[in-house]
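Encoded as structure tokens, the structure appears first; notes follow it.
Just so you know, all these numbers are worked out from the coordinates, no wet-lab data involved. In this text the structure is predicted, and so the values were computed from the model without any measurement. A quick note on method: Cβ atoms are made from the backbone with ideal geometry, for glycine too, and the neighbour counts reach across all protein chains shown.
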Ligand code: PGA
């Protein structure tokens, strides 16, 4: 099971202290049942890297530029830079970036170049409320997947995160039945279109210690992409604990 903390645009040097609890938990737990990945803002990647050295926590970034080679792209970070600083993963296609103009084409380029840089991709897909109301969920997901992965070879290094946009940060979660159907639909199509036999598919959107077990019990999810609740170490640890007990 994957547990991925997406800190979004939150956190400063002081917030690194909150990791002490998580490191302690990992020392006591020493489990190979799960992977813990932190995606802090760029400004904290280096400090995180130092802090989590010799632990089981892995490092990821929240986005990158589509060109992997350095160039005149003011304000951007390349996947190569991320790799060099110790990141193993990068989140691509988060709805908060799609909402400000990131297209499927750009996402495709970002995935391609990040894979070339040796990063693993946390590829976010999901429908908006309007698309859900029109019953376009499956159609939207298929389009995001087929355009986002067009021409991509190393699909084993892509982890999928299904995040219904209307569930992110709202406290509203999908009905169990709907979620299960959507994940099964995705699995079927990833097999049919890309030959992916056992893709890792995570769920994201308002995951917290109280609801996580319901998701786990669906038996079709390989982990969680957690926003809000991941900034509170106690809650994040509780999410891991509740998943297994
Ligand atoms: P949330 O965010 O857990 O705060 O809903 C999830 C995400 O945006 O990845």
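Secondary structure note: in the chain, about 0% of the DSSP beta bridges are antiparallel.
Given an 8 Å cut-off on Cα distances and at least 6 residues of separation, report the relative contact order of the chain as a percent.
About 20 percent, as a whole number.
Stretching the chain fully between residue 28 and residue 211 yields a gain of 63.4 nm (0.36 nm per residue, less the alpha carbon separation). For the range 1-59 versus the range 116-138, the inter-centroid distance based on Cα atoms is 25 Å. Under the classification rounded if a/c is under 1.5, otherwise prolate if a/b is larger than b/c and oblate if not, where does the chain fall, given a ≥ b ≥ c as square roots of the Cα gyration tensor eigenvalues? Since a/c reaches 1.5 but b/c is at least a/b, the shape of the chain is classed as oblate.
If each DSSP helix of 4+ residues adds -39,500 (n - 2.57) and the sum is divided by the residues in the chain, what number results at 222 nm, nearest 500 deg cm²/dmol?
After summing the helix terms and dividing by the residues of the chain, the value is -11500 deg cm²/dmol.
With a Förster radius of 30 Å applied to the beta-carbon distance between residue 197 and residue 20, the computed FRET efficiency rounds to 0.15.
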